[in-house]
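Below is one structure, written out as structure tokens; comments come after it.
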Amino acid sequence: MTAMPQPITKTYEPSRYKDTKQYIGFHASSEPVYLFSDTALLERVTEFNRLFKGELSYAVKANPETLLLDCLWNSGVKSFDVASLGEIELISNRFKGAHCHYNNPVRSDDMTSIAAHKYGVRSFAVDDMAGLIQVSALGLTDVEVSIRFKLDHFDAAYDFGSKFGADSKQAAVIVKKAKDLGMRCSLTFHPGSQCADATMYVAHIKAAAQISKEAGVKLHRLNVGGGFPLPYENTKLASLEQYMQAIQNAVKIHFGTDAPALLCEPGRALVGTCASLLTQVIRIRENGEVFINDGIYGGLQEQMLVKLDLPFRIWRGEKLVYNSIDGKGNCTETTVFGPTCDPVDRLPNTLALPHNILEGDYIEFGLMGAYGSATATRFNHFKSEKYIEVQKGFSTHS
Ligand SMILES: Cc1ncc(COP(=O)(O)O)c(C=O)c1O
């Protein structure tokens, strides 16, 4: 295969590009880049605010990139689900007055104490009695404790209950104890990331009402988690509106007049659509295997863990030559390797790529705003972390 001539780098560069085409027109990009659209992110914030009848918090772990955090903050998101002292430091140094919810349920005594005393965190999730005692030992009177519970069944890309959550019986005991200790008491759950079934939220809300009743405690708040899904290819999902409607109805039915204030803390569904990952084909072997400049040690790490079919499009210079959303005509299932000197660096599933793909072509993966750069390593000194601003992001509609 002959290498494509590279686009000529022009002298004047905008700080923010119109779209992927314009970015490519300015760059012979040899490193992977994330094309971030604040317009796409603001659309999602507006959508969540319109549909969710409670407070919107952002799960920082999905993407701590500062461009994106600033955009969220400026759009009015003031609450953050943080999972580590590093995330707390990032948020509290950057945004004065931000509310940090330390909702990683298992922490050392030091982590909890530093969060409370150095950064002023007053909201903690726990999922066992030891965790509750740890928070109570802070000796603070204004702490909110959210008891995380789980159900047996899940229908999501990840089983969060395999690591976290008290069962409903234990949760009721912990809630009662928290009340006895004089703490503000909330419940929280996470149905699993990329939760494919809206009725899982309904089942959790029903269980939350039963836990509250059994403990005899009126909840301060119910945190319905993240887990809201993205429209990866080959998925048939209810809309975000249907998920939110299901949540609202379930709260009404199961809590009635005792309904607690609601909070949700999405990561994937809030920020997934705002960035694409622009990679380049660096080599095509005679047998058709394709090597690109990012892989499973970089931004495509999540591909190794769960099957999420990313939409993608192919650019030859500034010309769009293929869009997976428009269909798979003239494509071959192709093995795709990442750039590292390591055999594991291979996408676990083949990609249906057009026959005429060439070295130098760009493969732009959509829905890469969550768990892409956030989980990338620097193995072999390859990096997958550069963000470029574009006005118009990757669309998942044809
Ligand atoms: C406590 C908690 N909340 C929210 C999230 C965000 O989940 P998602 O990205 O599925 O919305 C996570 C993800 O790990 C989490 O652990």
In this structure, the FRET efficiency calculated for Ser395 and Ser75 from their beta-carbon separation, with R0 = 25 Å, to the nearest 0.05, is 0.80
Looking only at aspartates and glutamates whose Cα falls under 14 Å of Lys218's and that sit 8 or more positions away or on another chain, we get Glu144, Asp180, Asp258
Nearest 10, in degrees from 0 to 90: the angle of helix 199-215 to the longest Cα principal axis of the chain is 20 degrees
Counting only DSSP beta bridges with both partners in the stretch 38-270, the antiparallel fraction in percent, to the nearest 5, comes to 5 percent
For the stretch 182-254, whose charge dipole is built from +1 on Lys and Arg Cβ atoms and -1 on Asp and Glu Cβ atoms, the candidate among Ile253, Met200, Val224 with its Cα farthest towards the positive end is Ile253
With a ≥ b ≥ c from the Cα gyration tensor eigenvalues, square-rooted, and the rule rounded for a/c under 1.5, otherwise prolate when a/b > b/c and oblate otherwise, the chain is prolate
Around Cys185 (Cβ within 11 Å, Cβ-to-Cβ, excluding Cys185; K/R +1, D/E -1) the net charge comes to +4
Computed over the chain: longest principal axis from alpha-carbon atoms vs helix 168-180 long axis, angle to nearest 10 degrees, is 60 degrees
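Compute the Cα gyration tensor for the stretch 38-270, then decide on rounded, prolate or oblate, letting a ≥ b ≥ c be the square roots of its eigenvalues: rounded whenever a/c is under 1.5, prolate when a/b is larger than b/c in the other cases, and oblate in all that remain.
Values: a/c = 1.66, a/b = 1.09, b/c = 1.52.
Judged from the Cα gyration tensor, the stretch 38-270 comes out oblate (a/c at least 1.5, b/c at or above a/b).
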Taking 0.36 nm per residue of separation between Cys341 and Val306 and subtracting their Cα-Cα distance, the length gained on full extension comes to 10.3 nm
Restricting to lysines and to Cα separations under 22 Å from Lys118, and discarding same-chain partners fewer than 8 apart, the set is Lys61, Lys78, Lys96
Restricted to the chain, the DSSP antiparallel beta bridge percent, nearest 5, is 45 percent
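How high is the relative contact order of the stretch 259-398? Use alpha-carbon pairs under 8 Å, at least six apart in sequence, and give a whole percent.
Once divided by the residue count of the stretch 259-398, the mean separation gives 36 percent.
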Given the candidates Val121, Leu240, Pro343, the one whose Cα lies deepest towards the positive end of the charge dipole of the chain, counting +1 at each Lys or Arg C-beta and -1 at each Asp or Glu C-beta, is Val121
Excluding residues fewer than 8 positions from Lys236 in its own chain, the aspartates and glutamates with Cα under 12 Å of it are Asp197
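None of the figures in this text is laboratory data; all of them are computed from the coordinates on show. These numbers come from a predicted model, not from an experiment. Cβ atoms come from the backbone with ideal geometry, glycine included; neighbour counts cover every protein chain shown.
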